[in-house]
Amino acid sequence: MNKRAEKMAENRAKLIKAARAAFTEKGYAAASMDDLTSAVGLTRGALYHNFGDKRGLFAAVVDQIDSEMALFAKRKGAETGDDWLGLLAEGAAYIELALNPDVQRIVLLDGPAVLGDPSQWPSQNSCLQATKEMLSKLISQKVVKSVDVEPAARLLNGAALNAALWVAASDQPEEALPLAVDAFHALASGLHNSTSG
């Protein structure tokens, strides 16, 4: 039974890796299920068994990339050594990832079209939870104004996500990026409690 579970996990990982490359290069619509499976020596049956369908495989790829994005942003935040600056750095790092080809194509351009509202994705919910926890901490430290954490976290996450979506869809993403990061910082700074010293 362990061998079977290992083989399934191996097949799953192979399919996700192949799909990630194909979705980045060709986009969701043009990526063929037969090409995806034959590239890793598997059948359509393996794809259906592991993911249900092409959309299920795409969702798994989006979840993987979105989770990587969250970890990257968290690392960037931790590097600041300051909770408030870390919160700003996390948002900016998330936006900056819009220049990454697989993030841009899969998560930000095709993702909403295929999977619907990104704020409803499971990976986005874990980001929201982390933002709520950090805001609660900052409010208790009186670094952030005393506001309701739920809407504040949703607004911050939504601002970062929408800025990334805008950068990804821009004709000049490299030029849009600093504008988006500056605007995100300006919006977020409205939460800062300037009397906290």
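Below is a table of values for the structure above.
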| item | result |
| --- | --- |
| Verdict on V144 being more than 16 Å from the chain's Cα centre (by Cα) and surrounded by 21 or more Cβ atoms within 10 Å (Cβ to Cβ) | yes |
| Residue count, the range 95-134 (criterion: hydrophobic (A, V, I, L, M, F, W, C) and under 26 Å from W84 (Cβ atoms)) | 9 |
| Options L85, L138: the member that is assigned to a helix (DSSP H, G or I) and surrounded by 15 or more Cβ atoms within 10 Å (Cβ to Cβ) | L138 |
| Residue tally, condition more than 17 Å from the chain's Cα centre (by Cα) and surrounded by 14 or more Cβ atoms within 10 Å (Cβ to Cβ), over the range 50-80 | 4 |
| Residues (open to solvent by 30 Å² or more (accessible area, probe 1.4 Å) and closer than 20 Å to A183 by Cβ) located in the range 101-111 | Q104 |
| Enumeration of residues in the range 23-36 that are open to solvent by 20 Å² or more (accessible area, probe 1.4 Å) and within 12 Å of D102 (Cα to Cα) | T24, E25, K26, Y28 |
| Filtered residue count, the range 150-179, keeping only those that are open to solvent by 30 Å² or more (accessible area, probe 1.4 Å) and over 15 Å from the mean Cα position of the chain (by Cα) | 11 |
| Residue list for the range 180-197, filter: of a type in the set (A, V, I, L, M) and open to solvent by 40 Å² or more (accessible area, probe 1.4 Å) | A183, A186, L187 |
| Per-region count, the range 115-135, residues closer than 18 Å to A89 by Cβ and open to solvent by less than 80 Å² (accessible area, probe 1.4 Å) | 7 |
| Hits in the range 158-183 (condition: in contact (Cβ under 8 Å) with a residue 12 or more places away in the chain and closer than 11 Å to A92 by Cα) | A159, A160, L161, A163, A164, L177, A180, V181, A183 |
| Criterion: part of a helix (DSSP H, G or I), over 17 Å from L156 (Cβ atoms) and either under 12 Å from the mean Cα position of the chain (by Cα) or modelled with pLDDT of 95 or more (or both) - qualifying residue of Q104, Q124 | Q104 |
| Hey, A93 modelled with pLDDT of 95 or more, buried (at least 19 other Cβ atoms within 10 Å of the Cβ) and outside any loop (DSSP other than H, G, I, E, B) or not | yes |
| Hits in the range 7-33 (condition: among the charged types (D, E, K, R) and at pLDDT 85 or above) | E10, R12, K14, K17, R20, E25, K26 |
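The values are calculated or read from the model by the stated rules, or taken from the named source; none is laboratory data. As the structure is a prediction and not an experimental result, all values here were calculated from the model. Cβ: placed from backbone, ideal geometry, glycine included. Neighbour counts: every protein chain shown. These area figures cover heavy atoms from the full protein model, side chains too; ligands, DNA and RNA do not enter into them. Shrake-Rupley method; radii C 1.70, N 1.55, O 1.52, S 1.80 Å.
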